[in-house]
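Heads up: the structure comes next, in structure tokens.
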Amino acid sequence: MSKSHIRVEAYGTVDELIAWTGLLIGFPENLKRKKTLTYIRDQLMRCAVAMAADSRKPVKGDILPEPECVRFVEDEIDAMESVLKPLKSFVMPGGNMLVSWSNIARCVCRRAERRAVQLNETEKIPEIIIPFLNRLSDYFFVLTRILCLELDVEEVKWSV
């Protein structure tokens with residue numbers, strides 16, 4: 001299979017996101033989220049394995065992302081949002097290294113979702129992957145905001 005094949009691009013982008021998630025796990029500021037981020041990293045590895053597999057051979061259920069992974073991420077988002085002020089404008093990335101890296105994870109996750117959608121158009125992938133990546137990019141966005149709050153970093157509002 002060519003290195004430019006959409007399958008390689010899809011699971012390769014998820015692999016990149018696994019690396020960014022691993023980076024986020026390593027920061028003491030995320031110690032209280034270590035278990036959550038470790039779970040997310042594991043689910044991403046399951047996504048990558050499922051996308052790398054030959055679509056003509058079914059992937060074993062114990063390797064697939066867990067059925068509750070989307071709900072798990074949504075619950076984490078809700079918990080973080082419960083202490084955040086509602087947004088009234090777009091937020092620009094930056095202000096702190098950890099905050100910026102969390103934002104990069106969000107961008108990579110969005111790209112991974114786009115690649116998964118593209119792959120799914122020609123070769124069906126497990127249904128859980130696309131909704132998981134979709135919600136996960138929102139998780140990284142909210143993580144970026146909660147890190148700003150916890151680190152007392154001002155969110156840079158975009159204005160026209």
Select from the range 122-139 the residues that are β-branched (Val, Ile, Thr) and in a helix (DSSP H, G or I) and write down the one among them that is farthest from the chain's Cα centre (by Cα). Thr122
Across (1) free of Cβ contacts under 8 Å to residues at least 60 places away in the same chain; (2) over 18 Å from Ile130 (Cα atoms); (3) surrounded by fewer than 19 Cβ atoms within 10 Å (Cβ to Cβ), Glu68 clears everything bar (2)
If Ser89 passes every condition in (1) polar (S, T, N, Q); (2) within 25 Å of Leu151 (Cβ to Cβ); (3) in a helix (DSSP H, G or I) but one, which one does it miss? (3)
Of (1) out of contact with any Phe, Trp or Tyr (no Cβ under 7 Å at 6 or more places or on another chain); (2) among the hydrophobic types (A, V, I, L, M, F, W, C); (3) surrounded by 15 or more Cβ atoms within 10 Å (Cβ to Cβ); (4) modelled with pLDDT of 95 or more, Cys109 satisfies every one except (1)
For the range 50-65, does any single residue satisfy the condition of being in contact (Cβ under 8 Å) with a residue 24 or more places away in the chain, at positive phi and in contact with a Cys (Cβ under 7 Å, 6 or more places away or on another chain)? no
Do we find that Phe72 is among the aromatic types (Phe, Trp, Tyr), more than 27 Å from Ser4 (Cα to Cα), in contact with a Phe, Trp or Tyr (Cβ under 9 Å, 6 or more places away or on another chain) and not in a loop (DSSP other than H, G, I, E, B) in this structure? yes
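The values are calculated or read from the model by the stated rules, or taken from the named source; none is laboratory data. Model, not experiment: these values are computed from the prediction. FYI the Cβ positions are ideal-geometry reconstructions off the backbone, even for glycines, and counts take in every protein chain you see.
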